[in-house]
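What follows is a set of notes on a single structure, which appears directly below.
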Amino acid sequence: MDFEVVIGLEVHTQLLTDAKIFSGSSTAFGGEPNSQTDPVVLGMPGVLPVLNKKVVDFAIRLGLATNCTIVPYNRFARKHYFYPDLPKGYQISQYELPICEHGHLDITLEDQPTKRIGITRIHMEEDAGKSIHDAGVDTLVDLNRSGVPLLEIVSEPDMRSAAEAHAYLAGLKQIVTYLEICDGNMEEGSLRCDANVSIRPRGSSEFGTKTELKNMNSFRNVERAINYEIERQTDIVSNGGTIVQETLLWDANVGTVRAMRSKEEAHDYRYFPEPDLLPLQISEEWIAAVRAELPELPEEKKQRFVSEYKLPVYNAEVLTASKALANYFEAVAKSCEDSKLVSNWVMTDVLRVLKEQKIDVEDFTISAQRLAGLLNLILKNTISAKIARDIFEEMLGNEDEALAIVEKKGLAQISDTSELEGIVAQVIADNPKQVEQFRAGKEKIISYFVGQVMKATRGKANPGMVNEILRKQLKA
Amino acid sequence: MENALQRHRQYIAGDFTLVDAVEEYLKRIEANKSLNAFIQVYGDEARQQAAAIDAKRAGGAKLGSLAGLFIALKDNMCMKGQRTTCGSRILDQFVSPYDATVVRKIIAEDGIIIGKTNLDEFAMGSSTENSYYGHSRNPIDPERVAGGSSGGSAVAVAAGMADLSLGSDTGGSIRQPAAFCGIVGMKPTYGRVSRYGLVAFASSLDQIGPFAKNVSDAALMLNVISGLDPNDSTSMDEMVPDYTAAVGGDVTGLTIGLPTQFFQEGLDSEIADNIKAVTKQLEDAGMTIKPVDLSLNDYAIAAYYIIATAEASSNLARYDGVRYGHRAEEVGDLNEMYTRSRSEGFGAEVKRRVMLGAHVLSSGYYDAYYKKGQQVRRLIKNQFDDAFKDVDLLLTPTTPSPAFKIGEKVDDPLQMYLSDIYTVTVNLAGICALSMPSGKTTEGLPIGLQLIAGAFQEEKLFRMAGYIENLLAE
C-alpha cells in the first residue's frame, strides 16, 4: 500500500532575555548549578510571579514574523505535573488563550514549488530545571534553567516528509535568529523540537494514529528520527498491525526509538487560569511599537540583495542564510564596490574556512574591513587573484592588513611595461624551440610562455599585460 | 488595657520604654500559654528591636507609625530567617529566605513582630483545630474554639498578648475568629494588600488583613500594609487614604442594606435579635436602612469550595519533599517519596481539600465544576455590584452562631464549612468587609456584626464602623 506521511512539529525556543520570565534571576547559560535562582524560581512558599514584559515583546515579534494574529486578551494557565525539576508542581504556560494564532511559514525544497506550513499557535511559558541522573546514586537537580522564558510554536500537521520537517525547522531557526529572540542552538537545547508523526493510505482524508517523538537534539536527528518512525509505522501497518498512540524517545546512539509513556499513562495536566497573574491585554499600540522595531526578515533581505547588489538569487540565498553572514557580506560590500567579487569570496573562501574551523562568522578572524582591503587590491590590479588567495591564508593567522603583507613580502603585481618587456624578452630568448612552434601556428603554446614569465616573477606579473607583450614580441 | 493608637502616642510622648514593655508582653504570652495562640515567640529578637527603637527615640529620630507596638503574624507569612510553618508538619522546619511585603512594611514603621500565631493547617478550617501544633482556645471561654483559620492572631489581640495582629482571610478566616473572640477583624479588598510572602491557600481569594481591639487600630494597621507591590501582580495601584482619619467621619447620607438571605434559616436567634437591635438603633439615629436581595448567596459555599480547593490543590503541589519541608525517610523511588512525604506531612483537612481540588480540575470534570464555579462567582459579583448601586454598605451577622465548643464540628466538615456562610461571598466578589463586636449572648459569648462595602471602599467601611462603635458604647 502507498502511504502518505503526516507530520506536525512542536518547537520550543528559549528566549534571549536577560532575566527570567517571572523573576529577576539571570538566564545566562552555564552558571554554577542553582546559582541563577531566587525564591520565585525555587518555588518557595509565598512567592508570586511577575511577568517580564520583554517576553511578550519577543512573542509578538515572532507572531508578526510568522504571519500570526496577535491575540489581544491573554491568560496564563497552570499546567500540573510532579517532577523534581519542576519546583512549583506546575508550569506556568498558556492554554486556552495563546498569544499568537493562525500563522504560517513558507518552505522551499530543491526543485519544488514553495509550500506553506500552517502555524496553529505560539504561546509563552517557563522552562523547567534539569535533572541530572548520572551523577552517582542520587538524582541531582539544577534549577538555573527553571523560569527561562520559552515560546512554544505548534505547527499544523502540514508536513509530508522528514525533509519538509527539516526545512520548516530550519526556517523557524532562521527567523528566530534574525529576530534575535533565540540563539537557535539545538545542541545546547535553546531550540528543541518534538514531532507528531502518523501515516495514512494516500488519498485518505482521515488522520492515522500518531506517535510523539522526543529527544531529537540536532537537525540531523530530527530527520533521522522521523524517517525511522515513518519506516517503523509503515512496517507495522503493512503487516496488518495497528499503531499505538504513545510518546517515544529517540536514541541517537542506537538509531532507534523507545517507548516513554503510553496514552493511558498520559498526564492529566489539570490546566486552569493562573490566578497570580492578571489577564494580559495587548493593545494595538503595543503591537505597532513592536512592528516598528521589527528587523528585516530573511525573505526581504534576500530580495534586497538581488536588487541592490545585483546578485543571482542563489547567491543571495546563501548569503542571507544567517543574519550574521548577511551582515558580514554587507560590511565587506560597503568598502568594496565589486559586490559580485565580494559575493564569490564570501561564498567560497570564507564559508570554506568557517566549515573547516567549525566556527560562526562572528568568530571569523578576518574582519570585513580586512577582507575588503584584500579584495580592493585585486580590483586595483595590485595583486592577482592567485596571490590574493595566498595572502588570505596568511591573514587567517594574523591581524595584518592585506596591503601590509603585500608590501612586506614584495608581492605587488608587476605592471610596469618596461620591466615586463625585459622579462618577456628574456623568456623568448631562452626558449627558441617553443618560439618556432608558435610561429608555426601553434598559438596555444602561449600559455607555456605565460607560465615561464610567472615563474620568473614568482607569480607577480600582471597576467593581462604579460599576454599582450608576449603576443607583440612573438609576432615581431 | 489601652488601645494601640493610644499606646503609640504614649510611646512617642515618652510615657514608657519598649525595653520594659517587651517583658510585659512576653510575660502575658507565657501566662496565656494554655490558649495556644503562638506557634513561635521571638523573645530575643523582640528585645533587641525594643532596645533599638528606644535608642532611636532617645536619639530624636522620627519614629514610624507603629513605634511602641507589638504585632503578631499568622504563621503563614514569611519572615526572613524564621520558620513559616503554616500549622503543618510538612513545613515544621521550613525557614523562609525572604520577608513578606507586609513584614517589610511593619518593620519599616518600627512595629515589633513578637511572634507567629497558630492557624488551621494552610489556613484551611474555621476553628484553628486543624493545626499540627494543637488547637487554640477562645480567651472568653477556653472550652470553645477561637474560630479560624486565623484563630491564634485573634486570640493574641483579644488576650492582650499583642497590640495588633495580621491574619489572612480566604472565606472568612479573619472576620469569623474576630467575631468569636470579640474584637475587630477586617478583610480588605482583593488587591489592597500585597500577598507576596503570604503562603497561598487560594490565590484569587486570599487577602491579608488586621485584627485589633477597636476600629481605629484596625485602620492604623491597614494604613501600613496597604498599597501596590511590584512583587504582587494582583495588588492594585489604588490610592491609600489615611483610614484612621475615616474613623469618626461623617456618616450622614450613607445607606445601609440588609441582605434578606442573611437573616433566614440557620441563624442563631440571639445573634439575629442582636443585629436587628443594632439596626433599629441606626434607624433611630436617622440612618436609611433597606432590604437587599443577595439570593445567590445560597450558591456561595458550593462555588467557594470548588474554587478554593482547586487553587489549593495547585498551590500545595510544591510541597513535595524535594527542596524544603518534610521528606519521608527510606523511600524506594520518586513516586514513593512524593506519596509518603505528602501523606505524612499533610493533615486530614488539607488532604481532603487537595483531593477535592484535583478532582474538580481534572479532565472531564473541569467544565462541570471549576468552570461552573467561576460562572457562579461572576454572577455573585454582579449581584453585589447591583446592590451597591442602591446602598453604600451591607450589614449582616458575621457568623450564624457564636463560638462553638472545641471538638463539636471537627467530624462534620459540611457543618464546619457552613460557619463561613455569611463571609465567603465577600471573598468571591473580591470586595471588603469588617467584623466588629456588637454585644454578647446570654452565655456571654461575643457576637460579630459584619459590614460589607464595594471594592476599595474601605474608607466608607471605617467611617460606618467607627460610628457604630460609638453608638454601641453609649
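Among B:63, B:5, which is the only one that is more than 23 Å from the chain's Cα centre (by Cα), open to solvent by less than 50 Å² (accessible area, probe 1.4 Å) and not polar (S, T, N, Q)? Quick ask: steps written out before the conclusion?
Details: B:5 fails: more than 23 Å from the chain's Cα centre (by Cα).
Only one candidate passes the filter, namely B:63.
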message = Among the listed residues A:446, A:387, A:391, A:428, identify the single one that is out of contact with any Ser or Thr (no Cβ under 9 Å at 6 or more places or on another chain), within 20 Å of residue A:367 (Cβ to Cβ) and of a type in the set (Val, Ile, Thr).
response = A:391
key: Of all residues in the stretch A:410-427 being of a type outside the set (A, V, I, L, M) and assigned to a helix (DSSP H, G or I), the one that is farthest from residue A:374 (Cα to Cα)   = A:426
message = Restricting to the stretch B:377-433, and then to whatever is aliphatic (A, V, I, L, M) and in a loop (DSSP other than H, G, I, E, B), can you tell me which residue is surrounded by the most Cβ atoms within 10 Å (Cβ to Cβ)?
response = B:403
Out of B:336, B:330, B:311, B:265, sole residue that is modelled with pLDDT under 95 and closer than 30 Å to residue A:130 by Cβ = B:330
note = Checked B:102, B:155 against criteria (of a type in the set (Val, Ile, Thr) and within 12 Å of chain A (Cβ to nearest Cβ)); the one match is B:102
request  = Just give me the residues in the stretch A:77-133 being touching an Asp or Glu at 6+ places or on another chain (Cβ under 8 Å), polar (S, T, N, Q) and closer than 22 Å to residue A:317 by Cβ, in sequence order.
outcome  = A:114
note = Just one listed residue, out of B:83, B:57, B:89, is closer than 22 Å to residue B:23 by Cα and either open to solvent by 10 Å² or more (accessible area, probe 1.4 Å) or at the interface with chain A (Cβ under 10 Å from one of its Cβ atoms) (or both), and it is B:57
note = Selection from the stretch A:125-153 of residues among the aliphatic types (A, V, I, L, M), open to solvent by 30 Å² or more (accessible area, probe 1.4 Å) and either over 14 Å from residue A:34 (Cα atoms) or under 26 Å from the mean Cα position of the chain (by Cα) (or both) yields A:135, A:137
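Report whether or not residue B:67 is closer than 20 Å to residue B:222 by Cα and in contact with a strand residue (DSSP E or B) (Cβ under 7 Å, 6 or more places away or on another chain).
Numbers: closer than 20 Å to residue B:222 by Cα: yes; in contact with a strand residue (DSSP E or B) (Cβ under 7 Å, 6 or more places away or on another chain): no.
When the stated conditions are applied, residue B:67 does not pass them.
Is one or more of the residues making up the stretch A:25-33 at pLDDT 95 or above and of a type in the set (Asp, Glu)?
If we filter the stretch A:25-33 for residues that are at pLDDT 95 or above, which is where we start, we get none.
No, the stretch A:25-33 has no match at all.
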key: When residues of the stretch A:270-292 are limited to those that are more than 15 Å from residue A:53 (Cα to Cα) and either facing chain B (nearest Cβ under 8 Å) or among the charged types (D, E, K, R) (or both), the one surrounded by the fewest Cβ atoms within 10 Å (Cβ to Cβ)   = A:284
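Yes or no, residue by residue, for (1) within 13 Å of chain A (Cβ to nearest Cβ); (2) closer than 21 Å to residue B:203 by Cα; (3) open to solvent by less than 40 Å² (accessible area, probe 1.4 Å):
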| site | (1), (2), (3) |
| --- | --- |
| B:260 | no, no, no |
| B:266 | no, no, no |
| B:279 | no, no, yes |
| B:305 | no, yes, yes |
| B:320 | yes, yes, yes |
| B:327 | yes, no, no |
message = I want to confirm something. Restricting to the stretch A:87-107 and keeping residues that are touching a residue at least 60 places away in the same chain (Cβ under 8 Å) and surrounded by 21 or more Cβ atoms within 10 Å (Cβ to Cβ), which single residue is farthest from the other protein chains (Cβ to nearest Cβ)?
response = A:107
ask   = In the stretch A:197-224, which residues are open to solvent by less than 30 Å² (accessible area, probe 1.4 Å) and in contact with a Leu (Cβ under 8 Å, 6 or more places away or on another chain)?
value = A:197, A:211, A:213, A:222
query = So which of A:368, A:326 ends up being within 30 Å of residue A:64 (Cβ to Cβ), surrounded by 17 or more Cβ atoms within 10 Å (Cβ to Cβ) and more than 18 Å from the chain's Cα centre (by Cα)?
reply = A:368
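Is it true that some residue in the stretch B:203-224 is more than 24 Å from residue B:460 (Cα to Cα), open to solvent by 30 Å² or more (accessible area, probe 1.4 Å) and at pLDDT 95 or above?
Within the stretch B:203-224, the subset more than 24 Å from residue B:460 (Cα to Cα) is B:203.
Add one more test, that the residue is open to solvent by 30 Å² or more (accessible area, probe 1.4 Å), and what stays is none.
No, the stretch B:203-224 contains no residue that is more than 24 Å from residue B:460 (Cα to Cα), open to solvent by 30 Å² or more (accessible area, probe 1.4 Å) and at pLDDT 95 or above.
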task = Return the residue satisfying two criteria in turn: it lies in the stretch A:225-269 and is away from chain B (no Cβ under 14 Å) and among the hydroxyl-bearing types (Ser, Thr, Tyr), and of such residues it is most open to solvent (accessible area, probe 1.4 Å).
result = A:242
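For every residue, the table says whether it meets (1) part of a helix (DSSP H, G or I); (2) closer than 19 Å to residue A:261 by Cα; (3) touching a Pro at 6+ places or on another chain (Cβ under 7 Å); (4) modelled with pLDDT under 95.
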position	(1), (2), (3), (4)
A:183	no, no, no, yes
A:189	no, no, no, yes
A:194	no, yes, no, no
A:199	no, no, no, no
A:203	no, no, no, yes
A:221	yes, no, no, yes
A:225	yes, yes, no, no
A:233	yes, yes, no, no
Sole exception among (1) at pLDDT 85 or above; (2) more than 24 Å from residue A:412 (Cα to Cα) for residue A:466, by number = (2)
query = Which of (1) out of contact with any Leu (no Cβ under 6 Å at 6 or more places or on another chain); (2) facing another protein chain (nearest Cβ under 9 Å); (3) open to solvent by 10 Å² or more (accessible area, probe 1.4 Å); (4) among the polar types (S, T, N, Q) is the odd one out, the single condition residue B:233 does not satisfy?
reply = (1)
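The values are calculated or read from the model by the stated rules, or taken from the named source; none is laboratory data. In this text, all values refer to a predicted model and were calculated from it rather than measured experimentally. For neighbour counting, all protein chains shown are included, and Cβ atoms are generated from backbone atoms with ideal geometry for every residue, glycine included. Remember, those area values only see protein heavy atoms, side chains included, never the ligands or the DNA or RNA. Shrake-Rupley method; radii C 1.70, N 1.55, O 1.52, S 1.80 Å.
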